[in-house]
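Peer 1: Sharing a structure below in structure tokens format, with a few things to ask.
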Amino acid sequence: MIRRQFLHKTALILAASTGVVAALSYFRQFFPRIAGKKRRITLGDSARFPVDTFTYIDEHKLFVYRDHEGIRAVTAICTHLGCTLESTTDGFECPCHGSCYNSQGEVLSGPAPRDLSWFSVNKSSDGKVLIDPGKTVAADEKFTNT
Amino acid sequence: MSAKEQDIERSTADRTGDPDRKRRAGIITRNFFLHIHATRVHVHSMKPTYTFGLGIILGFLFLIMVFTGLILIIYYTPSVEAAYRSVKDIVYLVPGGRIIRNMHRWASQGMVIVVFLHLLRVFYTGSYLGKRSLNWVIGVALMVIVLLSNFSGYLLPWDQLAYWAVTIGSNIAASARELTDLIGITSFFDPGGFLKKMLIGGESVGQPALSRFFALHVILLPLSIIVLMAIHFWRIRKDGGLSRPVRYLKDRGTENKLLAWPVLMWTELALLLGVVAVVLLVAIFADAPLLEQANPAHPDNPAKSPWYFLGIQELVSYSAFAGGLLIPVLYLVFLFSIPYKDREDEYVGQWFSGNEGKKLVLWSAGAALLAVVLQLFVLIRFGWLKDWIPGISQWFVLLINPATITAGLFILAAEMVKRRKKSSRMGALVLFTCSFVALVVFTVVGIWFRGPNWEFFWSAAQWPVQ
């Protein structure tokens, strides 16, 4: 009887652990291997952005702001539920649930829980504007070498 | 007589010995599909004003979904490039394709409406009582899956409506981030992001999301509905037929029971024809919406989810975490737990548990309406915390808003009634009624009174021209 109990228990443990491993590896299939790092974005010559306005770059969902001192880039994705922001005269507004941000990307009203992220801006060796969405910077940090 | 025939003979034997009755009972015993009913059904279960046939209407609507879905799946292409075109093709090139797509859409909306009516019927007749708790839980699970099926189907046409509704939906799934951000642990513990990634396979809605929703919509969810529906029906039989009032509970044999064949079966066939006719008529005269192709760069303004989620979208406009996750999860926990918290079986099968319950339901509905409308009035007229105290901590926004206050008030009221009346059923009546009224009010506001930038408007005619 003792041997039977031992075999019974061993079989159960084996079956259970096989099941757990199978379930975990099955579950893993839902998460493809995508590089977590966000790719840098090349935007072309800085002169193409009009001065003193937010220019919306729709394929990357961000705004580029250029003034006489330099260039800054801010996300156009609302921190609330991911709608695309619209730029207004003094900031940004979300059409989905009415969150408002000032031109520094700080939340003024509405349900947005966080301020907008500003991205690091650089210049490539051939003079194009480079934006790195993986690297956030302070709102007033500009790329000045234009 | 063979052993099999003897078996049938025994199970269909009728006390009157009437050969015709024996034959009618035998028809059901011998047929797998007719087993949906017992050979004899209690008269009380057949009262139209007891069930309104809602459960069986849901079954019929699901049949329509399967049959129309089969046509749609033949022509539909689940790819970002081709999906929108293929839906256009279904509408304009496939013979009768417009009607089929419309039927699919309107039957699905019908399912959402009827599933809520069915929930109301079962709750208010106390039909989760008397050992029917498991079937109640299966029913609530079915309701959730019906909503998910609807939502997953919403993305497939890949139009503006689809794209933005699912963008919002997937970010609601990620709304646990609002909490983890506040605690400051998102970088190493991010259940919201995990759930979102599992749902749409990335950071934003694209091909992976479309493929996943397609798989959910045509395989996983319908299959789950079929399995759970089978168990749901089987449990009705195991639980001794539909619920009925205490005075009928002693009818265990053939007392007060009628043979199901043929009249009940014919009535239900007529109901099936009626349901198909109604859906067909609606499909002929009303077209399912199809906006322009999805444009990930620009949302429509306002961007609204499907109407049955607009109550949640209204809550989400206060706080993503509270409105999108906390309150809906609490509501589901409440629904699932009802039969385990309330076991007063004497109220089974009785609309509103008698006169006392009826009064309580009316009072609760009125009070809930007042409480919710009052809060909405303050919110819309005077703003909320962020407008009063700029820079207030997000903790307060998350914890103190019309969604959480409403939930807190209702739970308190239900607990008080439960104590005072010393009855868990009365407490359940209060909480269920209040939360349902709130759900309706928030949904109505989301559907008709919210315009561009989610601002309040009395009617869409007042929306600013863009």
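The values are calculated or read from the model by the stated rules, or taken from the named source; none is laboratory data. Every value quoted in this text rests on a predicted model; they were computed, and no experiment measured them. Reconstructed Cβ throughout: ideal geometry from the backbone, glycine too, with neighbour counts over all protein chains shown.
Listed here are the residues, each with its yes/no results for (1) in contact (Cβ under 8 Å) with a residue 24 or more places away in the chain; (2) among the polar types (S, T, N, Q).
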position	(1), (2)
B:Arg381	no, no
B:Val397	yes, no
B:Thr404	yes, yes
B:Gly408	no, no
B:Ser423	yes, yes
B:Ala428	yes, no
B:Phe442	yes, no
B:Gly451	yes, no
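Peer 1: Is there a residue being part of a helix (DSSP H, G or I), touching a Leu at 6+ places or on another chain (Cβ under 9 Å), buried (at least 18 other Cβ atoms within 10 Å of the Cβ) and within 14 Å of chain A (Cβ to nearest Cβ) anywhere in the stretch B:100-120?
Peer 2: no
Peer 1: Can you name the residue in the stretch B:198-209 that is buried (at least 17 other Cβ atoms within 10 Å of the Cβ) and in a helix (DSSP H, G or I) and is also farthest from the other protein chains (Cβ to nearest Cβ) among such residues?
Peer 2: Ranking the qualifying residues of the stretch B:198-209, first place goes to B:Ala209.
Peer 1: While we're here: B:Gly184 fails exactly one of the following numbered conditions: (1) at negative phi; (2) without any contact (Cβ under 8 Å) to a residue 12 or more places away in the chain. What is the number of that condition?
Peer 2: Unmet condition: (1).
Peer 1: Residues in the stretch B:210-220: is at least one under 25 Å from B:Ile57 (Cβ atoms), more than 14 Å from chain A (Cβ to nearest Cβ), part of a helix (DSSP H, G or I) and in contact (Cβ under 8 Å) with a residue 60 or more places away in the chain?
Peer 2: Checked the stretch B:210-220: at least one residue is under 25 Å from B:Ile57 (Cβ atoms), more than 14 Å from chain A (Cβ to nearest Cβ), part of a helix (DSSP H, G or I) and in contact (Cβ under 8 Å) with a residue 60 or more places away in the chain.
Peer 1: Report yes if B:Val430 is over 21 Å from B:Phe321 (Cα atoms) and at pLDDT 95 or above, otherwise no.
Peer 2: So B:Val430 passes the test.
Peer 1: Let me ask something additional. Within the stretch B:174-183, can you find the residues that are at the interface with chain A (Cβ under 10 Å from one of its Cβ atoms), of a type outside the set (D, E, K, R) and assigned to a helix (DSSP H, G or I)?
Peer 2: Across the stretch B:174-183, the qualifying residues are B:Leu179, B:Leu182.
Peer 1: If you don't mind, another one. For the stretch A:66-146, list the strands (runs of 3 or more DSSP E) that sit wholly inside it and hold at least 1 residues that are in contact (Cβ under 8 Å) with a residue 12 or more places away in the chain and charged (D, E, K, R); which are they?
Peer 2: Qualifying strands (runs of 3 or more DSSP E): A:71-75, A:118-123, A:128-137.
Peer 1: Also, quick follow-up: Starting from the stretch B:130-141, take each residue that is within 15 Å of B:Gly55 (Cβ to Cβ) and list its partners that are of a type in the set (A, V, I, L, M) and surrounded by fewer than 18 Cβ atoms within 10 Å (Cβ to Cβ), counting only C-beta distances under 7 angstrom and pairs at least six apart or across chains.
Peer 2: From residues that are within 15 Å of B:Gly55 (Cβ to Cβ), the pairs are B:Ile138/B:Leu228; B:Ile138/B:Ile231; B:Ala141/B:Leu228.
Peer 1: Out of the residues in the stretch A:16-55 that are at negative phi and in contact with a His (Cβ under 9 Å, 6 or more places away or on another chain), state the one that is farthest from the other protein chains (Cβ to nearest Cβ).
Peer 2: Applying the filter and picking the extreme gives A:Val51.
Peer 1: Confirm whether A:Phe63 is under 16 Å from the mean Cα position of the chain (by Cα), farther than 24 Å from B:Gly201 by Cβ and within 14 Å of chain B (Cβ to nearest Cβ).
Peer 2: yes
Peer 1: Sticking with this structure for a sec: Go through B:Phe67, B:Phe52 for me and flag whichever is modelled with pLDDT of 85 or more, surrounded by fewer than 17 Cβ atoms within 10 Å (Cβ to Cβ) and at positive phi.
Peer 2: Of B:Phe67, B:Phe52, the one residue that is modelled with pLDDT of 85 or more, surrounded by fewer than 17 Cβ atoms within 10 Å (Cβ to Cβ) and at positive phi is B:Phe52.
Peer 1: Outside the structural domain of B:Phe116 (by TED's automatic domain parsing), small (Gly, Ala, Ser) and modelled with pLDDT of 95 or more, is that true of B:Ala403?
Peer 2: Here the answer is no, as B:Ala403 does not meet what is asked.
Peer 1: Follow-up question, since we're still on this one. Every residue in the stretch A:75-85 that is of a type outside the set (Ser, Thr, Tyr) and either in contact with a Ser or Thr (Cβ under 7 Å, 6 or more places away or on another chain) or at the interface with another protein chain (Cβ under 8 Å from one of its Cβ atoms) (or both), please.
Peer 2: Scanning the stretch A:75-85 gives A:Ala76, A:Ile77, A:Cys78, A:His80, A:Leu81, A:Gly82, A:Cys83.
Peer 1: Sticking with this structure for a sec: Name the residue, out of A:Ser103, A:Ser124, A:Ser99, A:Ser120, that is among the polar types (S, T, N, Q), in contact with a strand residue (DSSP E or B) (Cβ under 9 Å, 6 or more places away or on another chain) and within 14 Å of chain B (Cβ to nearest Cβ).
Peer 2: Checking each option against the conditions leaves just A:Ser99.
Peer 1: With the structure loaded, tell me whether B:Val430 is in contact with a Leu (Cβ under 9 Å, 6 or more places away or on another chain), outside any loop (DSSP other than H, G, I, E, B) and within 14 Å of chain A (Cβ to nearest Cβ) or whether it fails that test.
Peer 2: Here the answer is no, as B:Val430 does not meet what is asked.
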